[in-house]
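Remarks on the structure that follows.
The values are calculated or read from the model by the stated rules, or taken from the named source; none is laboratory data. What you see is a predicted model, and the numbers here were worked out from it, not measured in a lab. Counting neighbours? That spans all protein chains shown, and the Cβs are built from the backbone with ideal geometry, glycine included. In case anyone asks, the SASA skips ligands and DNA or RNA and just uses the protein heavy atoms, side chains included. Shrake-Rupley method; radii C 1.70, N 1.55, O 1.52, S 1.80 Å.
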Amino acid sequence: MGSSALPISLQDKLRKSQGYSRLKTLSTNLNFLRNIIFALFLLRYLRKSFYLVRGYGIFGTLTIAYSLFRKRAYQLFLRAPGVRSKVDKHVATAITEIEDKLAPQGPGVTRYLTLPKEPWTGQQLDAELGQLCEMKRTRWEDGKVSGAVYHGGEDLLKLQAKTMEMFGVANPIHPDVFPGVRKMEAEVVAMVLSLFNAPPPGAGTTTSGGTESILLSVLSARNKAHAERSVTNPELIVPSTAHAAFHKAASYFNIKIHVVPCPAPNYRVSIPKVRRLINPNTIMLVGSAPNYPHGIVDDIPALSRLALSYNGGIPLHVDCCLGSFLMPFLPSAGFPSPFAETGGFDFRVPGVTSISVDTHKYGFAPKGNSVILYRSKQLRQYQYFICPNWSGGVYGSPSMAGSRPGALIAGCWASMMSVGEAGYIESCHKIVGTRITIQNAIIEHPILKGSLKVLGEPSVSVVAFESVDPDVDLYDLADGMSSRGWHLNALQHPPGIHVAVTLPMTKGEAVERLINDLVEAVKVEKEKADEMRRSGTGFQGEKKRGNAGALYGVAGKIPDKSVVERLVVGFLDTLYKA
Ligand SMILES: *Cc1c(COP(=O)(O)O)cnc(C)c1O
């Protein structure tokens with residue numbers, strides 16, 4: 001602008017006004033920007049609130065708000081001066097009890113807290129190892145343990161020990177040094193893919209256990225959603241009965257998890273509720289075949305239809321960790337296979353994109369074995385970790401661990417070859433048959449049928465029951481079974497006990513003893529209740545509770561779980577008390 005001819009004062013004014021108008025436009029622009037940011041912010045919250053209300057319904061959202069409020073109120077209450085010291089005292093006592101039980105340190109216990117100065121002799125080692133093996137414990141050999149030991153046969157154990165001897169040094173991270181282990185790992189995956197009817201591009205890897213398989217399935221789905229749809233706030237939808245490993249995955253990988261109820265009478269995941277929770281951030285749906293708590297198989301074909309009804313499809317994971325080598329053999333062993341009419345539970349169902357299968361459960365492999373299967377190589381690739389710039393060299397690893405125990409892969413391969421299809425069918429027959437025996441006893445036995453009720457319709461190795469008799473507190477019953485030498489599993493929401501049948505429980509008199517002890521334990525609970533009524537001591541005073549009673553009884557009923565969490569921390573700490 002040719003303003004040099006203007007008087008100084010005017011020039012000055014003009015400059016000022018120009019500057020002012022520049023400032024003004026800047027401020028309008030800023031205002032505009034601020035409004036946009038505010039609108040985006042608002043939109044984000046509106047969108048979030050919309051998905052929340054659509055997902056859980058108005059009533060559900062209010063319930064969530066109320067339970068948050070209640071939890072907060074309890075937190076404050078538990079922190080109140082008088083209450084706090086009392087709670088602390090109870091927690092300390094409970095933890096001491098856990099320590100005394102799990103890590104006793106009496107005069108008879110020699111603790112080794114530093115390396116021996118001189119190497120131990122073979123004799124010393126034999127003696128000490130023998131003692132460690134014989135420490136007072138629950139007898140899985142007598143079939144008194146639910147789950148945990150799935151086969152336990154002497155010949156198989158010997159075979160697994162032999163693979164440890166032959167492949168103890170092997171590490172699949174060096175496939176050129178240990179080519180045999182590479183071959184066995186690939187074959188384990190191929191055999192399991194075939195068992196679960198994977199189509200030709202199917203792929204998978206072995207892992208250290210069901211948890212790692214599940215972590216990887218979630219990781220793969222998260223990476224897929226990020227790579228293909230730029231999802232940055234991933235969300236996962238799981239049944240309330242899905243394994244805790246999905247919560248672990250959500251926690252490790254910073255994923256929001258939605259838990260869908262599995263209502264009575266069939267205790268399967270509610271498909272309409274899953275549908276309502278799906279939104280553009282959803283990375284994966286989950287179904288179990290069967291779930292751990294109740295041994296019930298979710299409606300996988302219905303989940304598949306739902307997953308496929310979205311553009312491009314949403315990945316669907318089937319957790320067959322527990323079902324492992326039982327689910328595929330149900331028809332050959334003479335039992336109905338869940339959802340056989342509508343497509344089944346494996347890759348024959350078109351929407352299923354990944355399946356976790358624990359070879360170390362009913363595959364009878366040594367502990368530390370599982371497989372994660374995918375419908376395509378691309379999905380498997382999403383779990384790979386690659387670090388091209390590392391100063392230690394270009395690095396790539398298929399799963400979570402770096403070095404891995406080749407001996408365990410050899411043990412898995414050898415176990416599968418040695419049991420073979422015929423062996424798995426026979427085991428399936430025995431195991432599922434025994435589960436049915438227990439289930440029938442609960443339904444038919446004159447003492448049990450009035451007090452206990454089987455949850456839903458189990459279809460594989462697990463049967464779970466609840467109490468329908470106010471005189472029989474389920475957790476006291478669980479403690480009663482513990483005192484009779486049984487290791488069963490306590491459940492919550494609803495309170496229950498489950499038995500996972502494994503081969504040792506199908507042998508000898510184990511199952512008759514289980515039923516007899518259950519009858520006795522129920523009788524004792526009923527007598528206790530009668531006694532209380534007669535003496536009029538009713539429900540005053542605290543009754544002495546066992547472990548399950550303590551954890552799920554008073555502490556479990558408080559909405560704020562901090563007390564339960566403190567007990568669990570105490571328990572975990574105890575595991576490392578040398
Ligand atoms: C056992 C189990 C898992 C987890 O397996 P781990 O081997 O204990 O890590 C996952 N899902 C189900 C249904 C299971 O029973």
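Report the charge-dipole magnitude of segment 423-574 in Debye, nearest 20, computed about the Cα centre from +1 at each Lys and Arg Cβ and -1 at each Asp and Glu Cβ.
Its charge dipole is roughly 60 debye.
Efficiency by 1/(1 + (r/R0)^6): what FRET value for Leu113 and Asn389, r their Cβ-Cβ distance, R0 = 41 Å, to the nearest 0.05?
It comes to 0.50.
Heavy atoms only, 1.4 Å probe, whole protein assembly: order Ile409, Ile173, Ile271 by accessible area, highest first.
So, going from the largest accessible area down, we get Ile173, Ile271, Ile409.
Using 1/(1 + (r/R0)^6) with R0 = 35 angstrom and r between the beta carbons of Ile37 and Ser230, what's the FRET efficiency to the nearest 0.05?
0.95
Restricting things to alpha carbons, tell me how big the chain is in terms of Rg and Dmax, in Å.
So, for the chain, Rg and Dmax equal 29.6, 115 Å respectively.
Given a 1.4 Å probe and heavy atoms of the protein chains only, how would you sort Ile355, Ile515, largest accessible area at the top?
Largest accessible area first, the residues go Ile515, Ile355.
Can you list the lysines whose alpha carbon is less than 24 Å from that of Lys361, not counting same-chain residues fewer than 8 positions off?
Output for Lys361: Lys144, Lys158, Lys162, Lys183, Lys248, Lys430, Lys507.
Counting only other residues whose beta carbon sits under 12 Å from that of Ile409, what net charge do I get with K and R as +1, D and E as -1?
Combined, the nearby Lys, Arg, Asp and Glu give +1.
How much length is gained if the chain between Ser418 and Ser403 is pulled fully straight, taking 0.36 nm per residue apart and subtracting their Cα-Cα distance, in nm to one decimal?
2.7 nm
Let's see if you can work this out: charge +1 on each Lys and Arg Cβ, -1 on each Asp and Glu Cβ, no other charges. What is the dipole magnitude of the chain about its Cα centre, in debye to the nearest 20?
3400
State the answer as a single residue: which of Phe339, Asn254, Val349 lies farthest towards the positive end of the charge dipole of the chain, with beta carbon charges of +1 for Lys and Arg and -1 for Asp and Glu, about the Cα centre.
Asn254
Assuming R0 = 30 Å, what is the FRET efficiency of Arg84 and Ile64, from their Cβ-Cβ distance, to the nearest 0.05?
Between Arg84 and Ile64 the formula returns 0.65.
Report, to the nearest whole %, how much of the accessible area of the chain belongs to carbon and sulfur atoms, 1.4 Å probe, protein only.
The C+S portion of the solvent-accessible surface of the chain is 60 percent.
Please list Lys224, Lys24, Lys117 in order of solvent-accessible area, largest first, computed with a 1.4 Å probe with all protein chains present.
Sorted descending by solvent-accessible area, the residues read Lys117, Lys24, Lys224.
Could you pull the accessible area for Met416 with a 1.4 Å probe, rounded to 10 Å²?
Met416 has an accessible surface of roughly 10 Å² with all protein chains in place.
For Met191, tell me the accessible area in Å² from a 1.4 Å probe, rounded to the nearest 10.
That residue has around 60 Å² of solvent-accessible surface.
With a length cut of 15 Å (Cα positions projected on each helix's long axis) and a Kyte-Doolittle mean of at least 0.5, go through the chain and give me the DSSP H helices that pass.
Correct list, ordered by number: 179-195, 406-444, 562-575.
Using the heavy atoms of the protein chains alone and a 1.4 angstrom probe, what is the accessible area of the chain per residue in square angstrom?
The answer is 55 Å² per residue.
What distance in nm lies between label points placed 7 Å from Cα along the C-beta direction at Ala103 and Phe77?
Modelled inter-label distance: 3.3 nm.
Give the percent of DSSP beta bridges with both residues in the chain that are antiparallel, rounded to the nearest 5.
So the antiparallel bridges in the chain amount to around 55 percent.
Give the accessible area for Trp486 in Å² (nearest 10); use a 1.4 Å probe, count only protein heavy atoms, and leave out ligands, DNA and RNA.
10
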